[in-house]
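Structure first, then comments.
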Amino acid sequence: MFGFDLVDSPWLLPRPRGETAAQPRSLRETLLHADQFDALEVEVSTHTPALLRQVLLPVVMHALRQPVDRKEWARRFANGRFTESEQETLNAYLDEHRPRFDLFSTEAPFAQAAGLHTAKDETKGSALLVASQASGNNVPLFSTRTEGDPLPLTPAEAAHWLLHTHCWDTAGIKSGAADDTMAKAGKTTGNVTGPLGALGVIVPMGRTLFETLMLNIPIGRQPADDLPQWQRSPTTGQWSPRRATGLLDLWTWQARRIRLIPEETEHGLRVSRVVLCAGDRLQAVPEWEPHTAWTFAKEAKSPTGTVRRPRRHVPGKAAWRGMEALLAAERQDGDGGVETSVLLSQLADLQADDALPFDYPLQVQTIGIVYGTQSAVVEDVLFDSIPLPITGLRAESDTYTTLVGVTEQAEDLAQAVNGLSADLRRARGADPIPWNKGQRPGEFVLHALDPLVRRFLVGVRASADDPDLLERGRTAWEKLAYRHTQDVADKLLATATGSEFAGRVVKKDKTEYVYRLASAEENFRQRLRAALPRWAQSVRDDPDAAPEELPA
């Protein structure tokens, strides 16, 4: 008989403040001393929301209950740590529920179904849980191993990937549990991805793990019947489609039925085989899901004429390029409208109540998975982290106007360079690069501007919504943005040959258009002046002035 107690066995990697290395620690130690850690270290970024939602947040919220109003939240946050009384409550809670936190319990293993087996008692390699490893149809590019290679996981690793599977598992056919009445021919079809796979996950991060936990707890009251999975009856192979009863149920959603199979090896206890079957299906993403932004689209069948859906992250697109969704604290109506996450909107209200300082160093992590082939394989993991000035979450603030304006300018500059490229290609007798094929030069502009935008966000956070400081920062930004954009444009212009000087005439709808180098450059300059009015004005005022540096 094996056992691995998640309450007191070391399996989490919280990084001590001011240090670069983390040592494995238990759930109890991690929570009680959360103020002494910067954050959790994880193998892949998708582990962070899985650990927060499946374990840390529900333990804290269920043991200490949800703050009922902003005043209570502010009081608890201002402590900077769990008080002695709160630590005693957490200790008692963990002691009470310790049996349900045993990873290899024979009666109710943590986040698993005891005795789970298929009709033929088949098991599969533990790589089935690991999104980055080859297993079945999921064969990552350049994988160094095959499905036949064993992947022995330590108990700590198995716990991480177990929770990750509940949150992010691929869709498609799953093995049918022997007691699953909905399985056919030993398989269950129609499975969707884990709940987080449908979201563009947004996680606010604080200065310490304690602050991160508080920033991720919505204010309100829990429904009486809302319980985490460890306070519900142990799961069996039977599953059902249903709605979440509340946050605790949603966060600890058992999207799969899983059994880890431990074995003693020369290297210690390891998990090399698992049973993974279909689990509960979330009928709808609840409107109070706190870790995603939202989009609105027209739908005739909807009573309001629009439908609200989780906003997914776009591969290859930095988080700041979706700033309009992060900052939309209130719904922007109409087709294509956006609304930020519940948690970010809550932070705007808390700062308005002075519960958070203007210069609070909030970081926002954006996390997602790109699935392919009917969501049955993992193609890519998306991750970004940006500093976000909380004052920007209020649409009436100068910070909001500044941030939205800067991100729009960056996109306009990329389009200006793409326009220059298109005009030069036409002048030499070629077609412009299609928007959905190949790499257009505007991407080089966005890449060059990326560190500038991130520095700008930090500077804006320190401005405390001071209009004069924001305007000076905006002017400095435009001058530097011009310089980086012009660098990319110069490389394009350097490739021009005699054919671009002479140009060519293109006839379209009985109208003749002349494309040549001189007109391409002039069009580009006009686009720059339109995109960067402060830079344009500074050139008119002092043509010889050098670009300013952004404030630190």
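Sorting the segments 406-417, 439-450 by their mean number of nearby beta carbons within 10 angstrom, highest to lowest, gives 406-417, 439-450. Over 25 Å apart at the Cα level, from the set Lys317/Lys508; Lys317/Lys491; Lys317/Lys437; Lys120/Lys174; Lys120/Lys184, are Lys317/Lys508.
For Lys187, the aspartates and glutamates whose Cα comes closer than 16 Å to its Cα, not counting residues fewer than 8 places off in the same chain, are Asp121, Glu122, Asp179, Asp280.
Taking GluC sites (Glu not before Pro) across the stretch 3-86, the ones in a DSSP loop with at most 12 further Cβ atoms lying within 10 angstrom of their Cβ are Glu19. Using θ = phi - 60° in the Karplus curve 6.51 cos²θ - 1.76 cosθ + 1.60, the 3J(HN,Hα) couplings for the stretch 223-239 round to x, 4, 9, 8, 9, x, 4, 6, 10, 9, 4, x, 6, 10, x, 7, 9 Hz; x is entered for Gly and Pro.
The GluC sites (Glu not before Pro) of the stretch 246-281 meeting both criteria, a DSSP state outside H, G, I, E and B (loop) and at most 15 other C-beta atoms within 10 angstrom of the site's C-beta, are Glu266. The H on the amide N of Phe110, modeled in the peptide plane, is under 5 Å from the matching H of Asp102, Leu103, Phe104, Ser105, each at least 5 residues off or on a different chain. For the chain, the longest principal axis of the Cα atoms and the long axis of helix 517-531 meet at an angle of about 60 degrees. Of the two radii for the stretch 247-310, the radius of gyration is 1.26 times the Kirkwood radius, both from the alpha carbons; that is the Rg over Rh value. Dividing the mean sequence gap of close Cα pairs (under 8 Å, 6+ apart) by how many residues the stretch 382-524 holds gives a relative contact order of 31 percent.
Kindly provide the Kirkwood hydrodynamic radius of the chain in Å, to one decimal, from all pairs of distinct alpha carbon atoms. It works out to 26.1 Å.
Taking the beta-carbon count within 10 Å as an exposure proxy, list Leu12, Leu32 from fewest neighbours to most.
Leu32, Leu12
Measuring between their Cα centroids, the stretch 83-119 and the stretch 304-382 lie 32 Å from each other.
Ranked for footprinting exposure by Cβ neighbours inside 10 Å, fewest first, Thr391, Thr83 give Thr83, Thr391. Taking trypsin sites (Lys or Arg not before Pro) across the stretch 183-259, the ones in a DSSP loop with at most 15 further Cβ atoms lying within 10 angstrom of their Cβ are Arg221, Arg232, Arg243.
With neighbour counts taken as other beta-carbon atoms within 10 Å, the residues Asp541, Asp226, Asp35 rank, fewest first, as Asp541, Asp35, Asp226.
Taken together, the values in this text are just the output of simple stated rules run on the coordinates, not laboratory data. Only a predicted model underlies this, so the values are computations on that prediction, with no experimental measurement involved. Because the Cβ atoms are built from the backbone with ideal geometry, glycine has one as well, and the counts that use them run over all protein chains shown.
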